[in-house]
Amino acid sequence: MSRISIGKIDRIKENILQHLFEESPKSLFTFEIAEAQARDKEFVLKLLQELEGRKLVRQAKKDFTRKRKWVLTDEAYQAYKGLL
């Protein structure tokens, strides 16, 4: 199995953020994001958790279900909006 370079992982994270921005204010399930990125759900979940740690995304609703919905944080949304 081949490893993914740091640069490619960063690009995937950027694509995830862009996808969330385009779908905003709608929140997306992890598997919807994974399908859009053509990546494994567990891999995308790991990346989303890293982005959550950097305060770029947040879980839309914190509950105790296995399914998680994600949205951009307000700060990240404003930063993307400022780029356009």
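The values are calculated or read from the model by the stated rules, or taken from the named source; none is laboratory data. Nothing here was measured: the structure is a model prediction, and the numbers come from that model. Note: ideal-geometry Cβ built from the backbone for every residue, glycine included; neighbour counts use all protein chains shown.
Observations
- Scanning segment 38-78 for residues that are under 17 Å from residue 25 (Cβ atoms) and among the aliphatic types (A, V, I, L, M) returns 56, 57, 60, 71, 72, 76.
- Filter result for residue 69 (under 23 Å from residue 83 (Cβ atoms) and modelled with pLDDT under 95): no
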